[in-house]
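S.K.: This is the structure I have questions about; it appears just below.
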Amino acid sequence: MGANEKVNILMVDDQPSKLLSYEVILGELGENLIKARSGREALDYLLKTDVAVVLMDVSMPDLDGFELADMIRQHPRFQDIAIIFISAVHLTDLDRLRGYEQGAVDYISVPVVPELLRAKVSVFADLNRKTRQLETLNEELRRLSARLIAAQDDERRRIARELHDGLGQELAAAKMMVDGILRPGQTAERKESAALECSSMIDRAVRQVRSISHLLHPPLLDELGLQSALQFYVQGFTTRSGIATTMKSDPPEFPRLSAEMETAIFRVVQEALTNVLRHSGASKALVELTHAGTQVVLSVRDDGKGMSEKTIQFQAGSVGIGIGGIKQRIEEFNGRILLKNTDPGSLVEVMIPVSSSGS
Ligand SMILES: Nc1ncnc2c1ncn2[C@@H]1O[C@H](COP(=O)(O)OP(=O)(O)OP(=O)(O)O)[C@@H](O)[C@H]1O
Ligand SMILES: [Mg+2]
């Protein structure tokens, strides 16, 4: 539910003139107003629609307000509905107590003061809206954290496999070679050729350690800064993926940013390019890094098939950990992310405010 979505307010009174006057009073709140002429009619509505606030007359002929409140409270789906009783007679403390036991939330006595009624209904309507927003956000959070755990497991499995199948095998073979060299009765030539083979195995192992550690944290980032690390990554990406990817930066000598921000931007490019490879079918991509006054702008474009409208609007279920993670990282720096279709292709753009010192 969005921050401005309307909620339903059910007004229950056996007198049409009263319903009309509540409608006039509450009209300016801009919520959906539903009228019911009896307790039974109100129950009918409640079963069909989600209602945030019920405004009801305490004394109605068929089912009085308290009885209706009782029935509402017994139903688990209705337990969060706020109830405002309107009573023409003076309510004794005992009556009030009866109402509260049933979970009633508020009372208003007649003559109704329009401002008071409006204020009370508006507070409950907002509360309901916020509760529902929170539920939606919680649901989204649960979904994302489940995916995050799965993604972490996948990554660990991948690293474990690379360590075992790649590095582990090379080192095991190198050890066998060394053991062979140490065995007595070997000719000098055999020892030399085994040592050469052993050396190239260790070379491959070193390269694998480097690529695994680059994957976990690109060392160039700390040493040479964002621009060079990205340049290097983009070149590697072009080779690995076959997608001709270029990188531009403005100014060409890009200033250093804080380590956290450089890492965040690097991760954004990694994720955006991985997405280009996995989802876009593009043949070209362009990464642009711009330092414009008080903000850093990073964009990743491709010439592929573009994103769905739901993804562009970050709708729940249409973005994964990738884009969800980018958004979260960037918002931690008070930045913004924009997804766009550029026909052909798509654009991921992030804007992060920076102080003039660059952090
Ligand atoms: N460059 C792109 N071109 C076309 N579609 C894209 C592009 N980038 C993202 N998408 C769409 O947006 C969706 C969400 O991307 P996101 O990175 O959040 O999740 P994912 O890549 O599916 O999974 P993961 O959580 O592993 O990253 C993708 O499933 C894909 O449909
Ligand atoms: Mg992704």
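Nothing in this text is a laboratory measurement; each read-out follows from the coordinates by a stated rule. None of these values were measured; they are calculated from a predicted model. Methodologically, a virtual Cβ is constructed for each residue, glycine included, from the backbone with ideal geometry; neighbour enumeration extends over all protein chains shown.
S.K.: Could you put S17, S346 in order, starting from the residue whose Cβ has the fewest other Cβ atoms within 10 Å?
M.R.: S17, S346
S.K.: Under a cut-off of 21 Å between alpha-carbon atoms, report the lysines in cross-link reach of K310, not counting same-chain residues fewer than 8 places apart.
M.R.: Within the straight-line cut-off, K310 pairs with K327, K340.
S.K.: Can you give me the angle between helix 39-48 and the longest principal axis of the chain, using Cα atoms only, in degrees from 0 to 90, rounded to the nearest 10?
M.R.: 10 degrees
S.K.: Continuing with this model, one more query. So what's the range 1-93 giving for Rg/Rh, alpha carbon basis, Kirkwood Rh from the mean inverse pair distance?
M.R.: Using Cα coordinates only, the ratio equals 0.96.
S.K.: If you don't mind, another one. Once label points are set 7 Å from the Cα along Cα→Cβ at both D64 and S355, what is their separation, rounded to one decimal in nm?
M.R.: 6.7 nm
S.K.: Which log10 I(q)/I(0) values does the range 218-353 give at q = 0.12, 0.17, 0.19 Å⁻¹ under the Debye formula, counting every alpha carbon as one identical point scatterer?
M.R.: Debye output, listed in q order: -0.43, -0.89, -1.12.
S.K.: Please list 72-82, 120-130 highest first by mean number of surrounding beta-carbon atoms within 10 Å per residue.
M.R.: 120-130, 72-82
S.K.: Also, quick follow-up: Taking neighbour counts of Cβ atoms within 10 Å as a proxy for exposure, in what order, fewest first, do E170, E41 appear?
M.R.: E41, E170
S.K.: Multiplying the sequence separation of T239 and S200 by 0.36 nm and subtracting their Cα-Cα distance, what value in nm do you get?
M.R.: Value of the extension gain: 11.7 nm.
S.K.: Moving on to the next point. If each of L127 and K305 carries a label point 7 Å out from its Cα toward its Cβ, how far apart are those two points in nm?
M.R.: That separation, rounded to one decimal, is 4.9 nm.
S.K.: Dipole of the chain (Lys/Arg Cβ +1, Asp/Glu Cβ -1, origin at the Cα centre): which of I9, I34, M177 lies farthest to the positive side?
M.R.: M177
S.K.: Evaluate the range 140-215: find the radius of gyration of its Cα atoms, find its Kirkwood radius, and give the ratio Rg to Rh.
M.R.: Rg/Rh: 1.30.
S.K.: Which of the listed residues, L257, L127, V112, is farthest toward the dipole's positive end in the chain, when Lys, Arg count +1 and Asp, Glu count -1 at the beta-carbon?
M.R.: Of L257, L127, V112, it is L257.
S.K.: Treating only the Cα positions of the chain as identical point scatterers, give the base-10 log of I(q)/I(0) from the Debye formula at each q in 0.09, 0.11, 0.14 Å⁻¹.
M.R.: Normalising to I(0) and taking log10 leaves -0.74, -0.87, -1.06.
S.K.: Oh, and also: Any chance you could check the Cα centroid distance between the range 244-289 and the range 166-210 for me, in angstrom?
M.R.: Going from one Cα centre to the other spans 39 Å.
S.K.: Sorted by average packing, counted as other Cβ atoms within 10 angstrom per residue and highest first, what order do 64-71, 49-56, 288-295 take?
M.R.: 49-56, 64-71, 288-295
S.K.: Return the FRET efficiency for the residue pair L215, N341: r is the Cβ-Cβ distance, R0 is 35 Å, and the value is rounded to the nearest 0.05.
M.R.: 0.70
S.K.: Restricting to Cα pairs below 8 Å that are 6+ residues apart, what does the relative contact order work out to for the range 25-92? Please round to a whole percent.
M.R.: 33 percent.
S.K.: Same structure, new question: Run lengths n ≥ 4 of DSSP H only: what is the helix-derived mean residue ellipticity at 222 nm for the chain, with -39500 (n - 2.57) per run over all residues, to the nearest 500?
M.R.: -17000 deg cm²/dmol
S.K.: Which distance in nm do the two modelled labels at E260 and H75 give, with both placed 7 Å along the Cα-to-Cβ direction?
M.R.: In this crude label model, E260 to H75 measures out at 4.9 nm.
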